[in-house]
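The values are calculated or read from the model by the stated rules, or taken from the named source; none is laboratory data. Note that this is a predicted model, so its numbers are computed, not measured. Reconstructed Cβ throughout: ideal geometry from the backbone, glycine too, with neighbour counts over all protein chains shown. For accessibility, only protein heavy atoms count, side chains too; no ligands or nucleic acids. Shrake-Rupley method; radii C 1.70, N 1.55, O 1.52, S 1.80 Å.
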There are 2 protein chains.
Amino acid sequence: MHHMKKDALVDIIRNAGFRATKPRRTLLTYLQKTRLPQTILEIADGLKDSIDQVTVYRIVEAFTKAGLVRQIDLRMGRPRYEIADARDHHHVVCVRCERIEDFIGCDSDHLADKALKQVKGFSHITGHSLEFFGLCNSCVKQGPTLQAA
Amino acid sequence: MHHMKKDALVDIIRNAGFRATKPRRTLLTYLQKTRLPQTILEIADGLKDSIDQVTVYRIVEAFTKAGLVRQIDLRMGRPRYEIADARDHHHVVCVRCERIEDFIGCDSDHLADKALKQVKGFSHITGHSLEFFGLCNSCVKQGPTLQAA
DNA sequence: CTCCTTAATGCAATCCAATTGCATTTATTT
DNA sequence: AAATAAATGCAATTGGATTGCATTAAGGAG
């Protein structure tokens, strides 16, 4: 009980209130390494099915509630998930090729204040989402879609 | 804003490139009257099944692509839809009771500029999403959830 | 370390939102 | 009114997400 320096990973999971099981460690490691926000199925796939899909669903849901993971909606059919880093970053998404880039500095406190002044039933904001959509440069170059009427 | 002359409605639909069919007129009128962003199934339900669900799916998708309808993601499982008014408004959502209020004035142009300066592969933003999450006053009053550990 | 409790996982079955195919209907043009 | 192409409705199907339950294993106690 004294010689084992606990993994940082294990600490993170335990501090969030969970047992540091192998699937949880594997999944968290995977998300830490992964740049892009992923769907549940992409995560399960990326883990080469070393973890059952049902378990991936359950872990991601639990981690999201606990604040370890962040849910992102990019108008791509289903929600995506990424590791919740301290840096509050957002995305710019190409609506044609789905290219994704990050940006930071949305000044959400200022925005939240503005919002709170307008709404009647709230006095406290705990989270926010902000995403931009557009065409990336290479898709712009390609010109309009081929399908004609 | 409530009652729109039928001709105006027909024009809107035709200008978007569609035939002004009864289901389309019904659905658009319904969304114009409805305050809250709704899921597909809520819309179908709200229309009392006067329109087949499949048709609701198809119309909403087409209208969204055409810019008549706006897709909103509020971390509530599935996307919601509302009429695309000129006023660029966003929402504050209670994560417990799902109460929704609107607010305006996000200064998206400024934010988009900031984002564009940081990303490499984009030079044009066409849309954005911005939502705030928190606990509404009445849910705050209720205190923490009953389930203890 | 071994035992013990119970959280967590895996698998099967199920659910239900979303999609697809196709025959029929309907808006619009001539 | 006829022509024709788009749009709808219904049935069937797909596939992501959920649930139940038996089994496994994490973590605390002794």
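What do you reckon, is residue A:71 surrounded by 15 or more Cβ atoms within 10 Å (Cβ to Cβ), at negative phi and out of contact with any His (no Cβ under 8 Å at 6 or more places or on another chain)? Here the answer is yes, as residue A:71 does meet what is asked. Being within 30 Å of residue B:65 (Cα to Cα), within 14 Å of chain B (Cβ to nearest Cβ), in contact (Cβ under 8 Å) with a residue 60 or more places away in the chain and more than 9 Å from DNA strand D (Cβ to nearest atom) is a property that holds for residue A:36. The residues listed here are A:102, A:73; of these, the one that is within 22 Å of residue B:111 (Cα to Cα), acidic (Asp, Glu), modelled with pLDDT of 95 or more and under 10 Å from the mean Cα position of the chain (by Cα) is A:73.
Residues of region A:94-119 that are open to solvent by less than 70 Å² (accessible area, probe 1.4 Å), closer than 24 Å to residue B:123 by Cα, facing chain B (nearest Cβ under 9 Å) and not in a helix (DSSP H, G or I): A:94, A:101, A:102, A:103, A:104, A:105, A:106. Does residue B:48 fit the bill of being of a type in the set (D, E, K, R), outside any strand (DSSP E or B) and within 13 Å of another protein chain (Cβ to nearest Cβ)? In short, no. Within region B:77-87, the set of residues being exposed (fewer than 15 other Cβ atoms within 10 Å of the Cβ) and either of a type in the set (A, V, I, L, M, F, W, C) or within 13 Å of the chain's Cα centre (by Cα) (or both) comprises B:78, B:85, B:86, B:87. The single condition among (1) out of contact with any helix residue (DSSP H, G or I) (no Cβ under 7 Å at 6 or more places or on another chain); (2) under 26 Å from residue A:81 (Cα atoms); (3) at pLDDT 95 or above; (4) within 14 Å of DNA strand C (Cβ to nearest atom) that residue B:91 does not meet is (4). Checked against (1) in contact with a helix residue (DSSP H, G or I) (Cβ under 9 Å, 6 or more places away or on another chain); (2) away from every other protein chain (no Cβ under 11 Å); (3) closer than 19 Å to residue A:127 by Cα; (4) exposed (fewer than 14 other Cβ atoms within 10 Å of the Cβ), residue A:41 meets all criteria but (3).
Within region B:124-135, none of the residues are open to solvent by 10 Å² or more (accessible area, probe 1.4 Å) and either part of a helix (DSSP H, G or I) or more than 9 Å from chain A (Cβ to nearest Cβ) (or both). Which residue is most open to solvent (accessible area, probe 1.4 Å), if the candidates are limited to region A:44-59 and must be closer than 22 Å to residue A:72 by Cα and either assigned by TED's automatic domain parsing to the domain that holds residue A:90 or within 11 Å of DNA strand D (Cβ to nearest atom) (or both)? That would be A:58.
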